[in-house]
Amino acid sequence: MKDPQSMSRRLLPHEPGNRKCLKCSEMFRSNGAANRICQKCSHANASLKVSEAQLARQRGAKRLNGILIEEQDTYEMNVS
């Protein structure tokens, strides 16, 4: 039988409630769907010494097996 808490209805985006942190997976009290990182992880993120320029380069960067792809043809696939 399922746990009654897991059967509770899903929160609407604008509703405050308990959500799972996207960084540490711990449950926390969220103000709404836009608030998906817990306070502990938010403080940890804020303390990182990363410039906006560095973040902008990482956002949307294409990767192959975790390796940054600068141009479309910068890697070769070995198919045997």
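What follows draws every value from the coordinates through simple rules; no lab data is involved. Computed from a predicted structure; not experimentally measured. Methodologically, a virtual Cβ is constructed for each residue, glycine included, from the backbone with ideal geometry; neighbour enumeration extends over all protein chains shown.
For residue 24 and residue 70, the difference between the fully extended length at 0.36 nm per residue and the C-alpha to C-alpha distance is 13.6 nm. Placing pseudo-labels 7 Å out from each Cα toward the beta carbon at residue 50 and residue 33 gives an inter-label distance of 2.4 nm.
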